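The structure under discussion appears below in the form of structure tokens.
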Amino acid sequence: MSSDKQIQSTQEARMGEGVDSRFNSKLREAFGSSPFILTKFDKFMNWVRGSSMFMLQFGIACCSIEMMHTYAVKHDLDRFGAGVPRASPRQADVIIVPGTIVSKFAPRMKRVYDQMPEPKFVVGMGSCTISGGPFHEGYNVIKGAEEVIPVDIHVPGCPPRPEALVYGVAKLQERIANGESSPVTVKPYELEQFGDLEGDELVRHLADQIDEEDLVMRYNWAESP
Amino acid sequence: MSLERPEPSTHDQVGVTERGLDYEAIDDLLGDLVIGRESHLNAEGFVVRPERVAEALDRLKQQAGFDHLSCVTAQEYDDRFESIYHLKKYADPTQEVSVVVPTSHDDPHSQSGNAVFRTADWHEREAYDLMGITYDDHPDLRRILLPETWQGHPMRKDYDKEQPQVVTFREHANPLQEDHRAGGGEGDTMFVNIGPHHPATHGVLHLKTVLDGETVADVEPDIGYLHRCEEQMCQQGTYRHQIMPYPDRWDYISAGILNEWAYARTAEDLADIEVPEYAQIIRTMSAEMCRIASHMLAVGTFALDVYGDFTAIFMYSTRDREIVQNLLEDLTGQRLMFNYLRLGGVAWDLPEPREEYFEKVRDFLDDLPAKLEEYHDLITGNEIFQLRCVNTGVLDPEMAKSYGTTGPVARGSGIDYDLRRDDPYGYYPELDWDVITEDGCDNYSRVLVRMKEVEESAKIIEQCVDLLEDWPEEEREIQANVPRTLKPDNDTEVYRAVEGAKGELGIYIRADGTDKPARFKIRSPCYSNLQALPEMSNGEYIPDMIASLGSLDIVLGEVDR
């Protein structure tokens with residue numbers, strides 16, 4: 001047999017000259033000889049979702065200052081693939097609720113949340129989004145964000161440090177990647193049309209001020225936690 | 001010394017004497033309008049007839065020179081409601097007078113002061129909203145902080161906190177719909193909602209804007225999206241410890257210690273507490289650090305508004321804020337909500353080892369001039385920035401005074417008014433620094449004032465560090481002797497203000513002999529400053545309106561309280 005050719009493996013034969021070394025990467029090394037991986041599509045999607053999250057640029061109160069610091073230099077949430085604040089809810093996956101929610105703002109926040117495309121995730125930042133925090137007893141304060149929208153991760157603190165928020169977001173990513181946090185469709189608190197409310201004393205009193213078709217939010221402070 | 005005023009200009013006004021205000025002369029001036037006298041700790045109060053409020057205010061403004069209505073406080077007694085107009089002079093804020101307007105309990109109404117002071121508009125609306133006092137001749141008496149459909153007035157004693165409430169959420173007006181609000185039905189205008197969720201409104205502010213082409217025909221700030229009952233919270237807390245955490249959360253842009261000082265100053269005057277000199281220096285130093293942090297954010301977000309993205313300037317200012325926040329964290333243990341001041345002093349001494357802390361502070365101060373130079377290169381020296389800001393959002397001094405603006409907004413309109421110098425407190429009178437004013441009255445001037453104030457704050461900090469370094473170890477007294485429970489005398493009333501990051505941050509407290517205040521009213525500088533926005537932006541282009549809003553540097557936590 002006269003051949004200069006060295007014996008090559010099937011794989012080498014198949015790959016020809018080999019791919020440009022510029023495409024070599026850690027990932028490729030990890031995959032070994034085979035450039036293919038087998039995974040479930042769901043799992044892959046979850047991994048993708050968790051690794052690239054667009055945050056909604058949404059500031060309410062004190063916590064939003066710390067949230068800004070989390071996005072900006074030093075803490076740089078972008079390192080974790082979650083640091084592109086989007087001004088429009090239609091471009092965002094995650095809403096961080098950074099502050100106290102009061103009666104006038106709750107329906108607006110609900111509206112912003114509803115405008116986000118599914119799947120969407122909510123990080124409640126600070127004690128106010130848990131229970132109303134230091135303002136729990138206020139006549140005007142919603143006792144936690146969960147009265148209005150479903151919350152995936154609560155980050156306690158008043159305000160939480162940027163590190164705590166980073167940890168919260170990382171935990172959310174972990175949960176998403178593991179498929180533990182399914183796309184949320186539960187909406188515990190709906191805006192109702194005024195005409196659909198029970199015709200109690202208050203509703204009768206307001207009847208001539210509010211159009212039947214107007215969306216309203218009804219607060220029952222006595223029964224809120 | 002640089003702290004001397006150029007010239008006192010109040011000599012020819014009624015009641016001004018060498019020894020201070022002569023209240024008898026003011027009494028004579030008001031004549032038959034007065035039906036009684038009260039004595040507050042900060043000033044004499046004149047009880048005037050509820051149907052002739054405007055006349056009384058007008059006489060005080062025109063003839064006695066009280067051109068600054070800093071606050072309107074509404075409160076409830078067992079037998080009556082009361083509005084107090086706290087008047088001051090821009091030329092000398094130590095000359096104060098309170099106009100007390102009593103009204104009946106069953107049908108509380110009194111005349112509006114809106115005709116004399118533009119700022120009375122919002123202050124009276126707030127009083128109506130929370131306390132339910134009606135003001136006759138008020139142009140637009142609606143709820144301001146609470147939703148329009150709210151039932152009851154929550155600061156009243158008989159308010160039922162448990163009752164259900166319905167809050168409407170109307171569909172936003174369609175911008176493409178025809179709209180003829182401006183120009184009497186003929187104009188071709190467009191209505192735009194800016195906010196309450198909008199990147200340029202610095203929080204949850206809603207601007208109802210009517211546009212004519214690209215110019216703003218009318219803008220109406222709609223506030224109350226962050227009204228978290230701060231006054232109620234403070235009225236529920238005891239003087240000694242339970243109130244102090246809340247001021248941190250009014251102006252939450254790292255200006256915590258400045259706000260805490262407002263409460264500390266008021267309560268210390270109320271309970272007659274002397275603060276040790278050493279503690280005053282620590283307070284002064286930390287407060288100025290807060291001012292730097294706050295102004296840095298103001299400049300950063302202003303650049304964010306004007307340039308429209310998270311650009312280098314925003315990142316630079318955040319970087320520098322981080323340094324200040326680290327210094328404050330070393331001192332207080334917190335990044336944002338310091339809760340560091342105590343009545344009669346501060347919570348604890350400087351961190352050990354002290355040399356290391358001083359070195360850190362000095363490093364920061366040494367680097368600051370070069371950084372400010374960089375800011376000036378990037379922002380104020382930038383031609384595009386100047387095009388956007390020079391001569392836009394003009395607020396002339398007369399209007400600024402009528403709206404009761406204070407702080408950098410007033411100083412950017414050439415009003416030489418800074419409570420640190422004019423109504424001295426803390427350690428400021430002993431130090432060498434300047435009050436910055438700019439005469440441009442435009443967005444550019446306001447930014448310039450803030451940037452120059454950072455330099456002044458740095459000067460103050462440097463002098464404080466020098467003093468603290470040489471302070472003998474055995475005389476480091478950080479806390480006066482304060483009783484465990486404070487119970488100021490019944491019916492003591494006081495209004496005191498400090499120079500917060502945004503302007504005159506005042507607090508009115510009425511004691512009722514218990515360990516909790518009977519009325520706790522916050523005079524927020526942003527509330528008055530924001531009111532001037534329509535004045536600054538009507539007739540201007542809409543991007544200039546955004547720039548004006550940015551240059552006002554409002555914090556919604558303080559506007560809505």
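Each reported figure results from applying straightforward, stated rules to the coordinates on display, with no laboratory input. Nothing here was measured: the structure is a model prediction, and the numbers come from that model. Because the Cβ atoms are built from the backbone with ideal geometry, glycine has one as well, and the counts that use them run over all protein chains shown.
Remarks
- Extension gain for A:Asp114 to A:Ser9 (0.36 nm times residue separation, less C-alpha to C-alpha distance): 32.2 nm.
- When Rg and the Kirkwood radius Rh are both evaluated on Cα atoms of the protein assembly as shown, their ratio Rg/Rh stands at 1.02.
- Counting beta carbons within 10 Å around each of B:Ile542, B:Ile35 and listing the fewest first gives the order B:Ile35, B:Ile542.
- The mean sequence distance of close C-alpha pairs (under 8 Å, at least 6 residues apart), as a share of the length of chain B, puts its relative contact order at 17 percent.
- Amide H to amide H distances under 5 Å link B:Glu540 with B:Val216, where only residues 5 or more positions off or on other chains count and H is placed in the peptide plane.
- Quarter the surface of the alpha carbon convex hull of the range B:348-491 and you get the mean projected area, 13.0 square nanometres.
- Its relative contact order, with pairs defined as Cα atoms under 8 Å and 6+ residues apart, puts the range B:16-136 at 23 percent.
- Were the residues from B:Glu220 through B:Gln163 laid out at 0.36 nm apart, the gain over their Cα-Cα distance would be 17.5 nm.
- Computed 3J(HN,Hα) for the range A:96-104, one whole-Hz value per residue from the Karplus formula 6.51 cos²θ - 1.76 cosθ + 1.60 where θ = phi - 60°, is 8, 9, x, x, 6, 10, 10, 4, 6, glycine and proline marked x.
- Unit charges at the beta carbon, dipole of the range B:16-136: most positive-side option, B:Leu30, B:Thr94, B:Ala54: B:Thr94
- FRET efficiency for B:Asp32 and B:Asp432, using Cβ-Cβ distance with R0 set to 41 Å, rounded to 0.05: 0.25
- For B:His109 and A:Lys171, the FRET efficiency from 1/(1 + (r/R0)^6), where r spans their Cβ atoms and R0 equals 51 Å, is about 0.35.
- Amide H contacts under 5 Å for B:His206: B:Asp222, restricted to partners 5 or more places along the chain or on a different chain, H placed in the peptide plane at 1.01 Å from N.
- Against the empirical 2.2 N^0.38 Å (N residues), the range B:16-136 has a Cα radius of gyration ratio of 0.99.
- Relative contact order, percent, the range B:484-561 [alpha-carbon distance under 8 Å, six or more residues apart]: 25 percent
- Estimated vicinal HN-Hα couplings, Hz - the range A:107-124 in sequence order (Karplus 6.51, -1.76, 1.60; Gly, Pro = x): x, 5, 5, 4, 5, 4, 4, 5, 6, 6, x, 6, x, 10, 10, 10, 10, x
- Normalised by 2.2 N^0.38 Å, where N counts its residues, the alpha-carbon radius of gyration of the range A:53-143 equals 1.09.
- From the C-alpha gyration tensor of chain B, square roots of 5λ in Å: 34, 32, 23
- Computed FRET value (nearest 0.05) for B:Arg156 with A:Phe41, which takes r as the C-beta separation and R₀ as 56 Å: 0.40
- Listed peptides B:468-477, B:326-335, B:127-136 by packing density, highest first (mean Cβ within 10 Å): B:127-136, B:326-335, B:468-477
- Annotation: the antiparallel percentage among DSSP beta bridges lying fully within the protein assembly as shown is about 80.
- Ranked B:Asp158, B:Asp432, criterion: other C-beta atoms within 10 Å, fewest first: B:Asp158, B:Asp432
- Annotation: amide H-H contacts under 5 Å for B:Arg342 (H modelled 1.01 Å from N, sequence separation of 5 or more, or interchain): B:Ala347.
- Of B:Lys88/B:Lys401; A:Lys43/A:Lys120; B:Lys61/B:Lys88; B:Lys88/B:Lys502; B:Lys88/B:Lys487; B:Lys89/B:Lys459, pairs whose Cα-Cα distance is over 20 Å: B:Lys88/B:Lys487; B:Lys89/B:Lys459
- Sorting B:Arg118, B:Arg37, B:Arg561 from the fewest to the most surrounding beta carbons within 10 angstrom yields B:Arg37, B:Arg118, B:Arg561.
- DSSP bridge orientation in chain B - percent antiparallel, rounded to nearest 5: 90 percent
- What the phi angles of the range B:13-30 give under the Karplus curve with 6.51, -1.76 and 1.60, with θ = phi - 60°, is a coupling list of 8, 4, x, 8, 10, 4, 8, x, 7, 9, 5, 5, 5, 5, 4, 4, 4, 6 Hz, glycine and proline written as x.
- For the pair the range B:487-558 / the range B:352-419, the C-alpha centres are spaced 20 Å from each other.
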